[in-house]
Amino acid sequence: MRKHLILIAPIFAFFLVLSGGCSSTRSQQTTLKTSTMLQGQYTVEDVNKRGIIDYSQLTLRVNGNQVSGSTGCNHFTGSIESQGDALHISQLAVTRKLCPEALMHQEQQYISSLETVNTLSINTPYILLQNSNNDNVQVKLLKTSHASSLQPKRQDASAGVTHLFQCEDIGMISMMFVGPETITLTTATTSQTLHREKSASGAKYRHGDMVFWNKGQQGIYREQDHTYQCISV
């Protein structure tokens with residue numbers, strides 16, 4: 001009887017080791033799956049159920065255990081830990097460019113929410129980052145094609161790029177490239193397509209009596225007999 005026990009003991013130990021190895025493998029596979037769930041580039045569609053300011057372009061990128069993105073005014077970097085539907089974003093560092101008050105307030109809401117969210121859920125095609133203790137804290141994400149954004153078509157590389165300008169007296173205007181020599185200029189009262197024309201310096205676009213000129217961070221918007229100085233935000 002003792003001989004049988006001696007033989008059974010090492011066999012039982014072998015199966016324990018084998019079972020432990022399988023469990024470890026399953027655990028590693030689960031960790032891999034959850035850690036890659038958020039990897040990629042996202043456009044922020046909503047913060048705290050308040051919407052997003054037009055053309056402000058909030059983004060989030062997750063690469064390994066690092067996060068980065070745009071607040072619509074500044075850029076940020078930080079760390080992320082995730083397991084299953086639980087997550088923690090921390091150590092956020094934000095650049096310090098000054099922007100219009102509305103954009104600064106939106107930035108504050110976005111950064112504060114990222115530091116507060118602790119869970120995620122999927123509501124196809126969106127991913128929601130939420131706080132399990134506060135229903136009003138929510139960041140709504142839509143995944144974008146990072147590869148296509150890095151490799152735009154050569155003949156239309158500038159299409160879709162938008163720049164915001166704060167202009168005296170008339171407020172914010174947006175300039176969106178729709179082609180190499182064409183922009184759509186949007187103000188509080190109108191939106192018009194302008195075409196580039198020759199200029200001694202900078203870039204000058206015109207449609208009838210509407211003219212927009214910019215060089216670097218500076219811009220000039222002219223409509224009829226009124227001229228407004230603008231600065232990029």
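Read-outs: derived from the displayed coordinates by stated rules, not from any lab. Given the structure is predicted, the values throughout are model-derived calculations rather than measurements. Please note: Cβ atoms are built from the backbone with ideal geometry, for glycine as well, and neighbour counts cover all protein chains shown.
Can you tell me the Rg and Dmax of the range 58-130, counting just the alpha carbons, in angstroms?
Cα-based Rg and Dmax for the range 58-130 come out at 12.5, 38 Å.
If you take the alpha carbon radius of gyration of the range 179-233 and divide it by 2.2 N^0.38 Å, what ratio comes out, to two decimals?
So the range 179-233 has a normalised radius of gyration of 1.05.
If each of GLN57 and LYS97 carries a label point 7 Å out from its Cα toward its Cβ, how far apart are those two points in nm?
Here the answer is 1.0 nm between the modelled labels.
Skipping prolines and chain starts, which residues have an amide H placed within reach, meaning under 5 Å, of the one on VAL178, given they are 5 or more residues away or on another chain?
Amide H neighbours of VAL178, under 5 Å, 5+ apart: GLY160, ILE183, THR184.
Rounded to whole Hz and in sequence order, give me ³J(HN,Hα) for the range 220-233 from the Karplus expression 6.51 cos²θ - 1.76 cosθ + 1.60, θ = phi - 60°, writing x for Gly and Pro.
Taking θ as phi minus 60°, the curve returns 10, 10, 10, 9, 6, 9, 10, 10, 10, 7, 10, 9, 5, 10 Hz for the range 220-233.
What is the spin-label model distance, in nm, from HIS207 to ASN65 if the labels are put 7 Å beyond Cα along the C-beta direction?
Between HIS207 and ASN65, the label points sit 5.1 nm apart.
How far apart, in nanometres, would the label points at GLU181 and LYS215 be if each is projected 7 angstrom from Cα along the Cα-to-Cβ direction?
Taking the two extended label points, one gets 2.1 nm.
Mind jotting down the distance between the C-alpha centroids of the range 163-221 and the range 38-105, whole Å?
Using only Cα atoms to place each centre, the spacing works out to 28 Å.
If I stretch the segment between ALA200 and HIS226 completely, what's the gain in nm (0.36 nm per residue apart, minus their alpha carbon distance), one decimal? Please report the intermediate quantities before stating the final value.
Values: separation 26, 0.36 × 26 = 9.36 nm, distance 2.13 nm.
Length difference between fully extended and current span is 7.2 nm.
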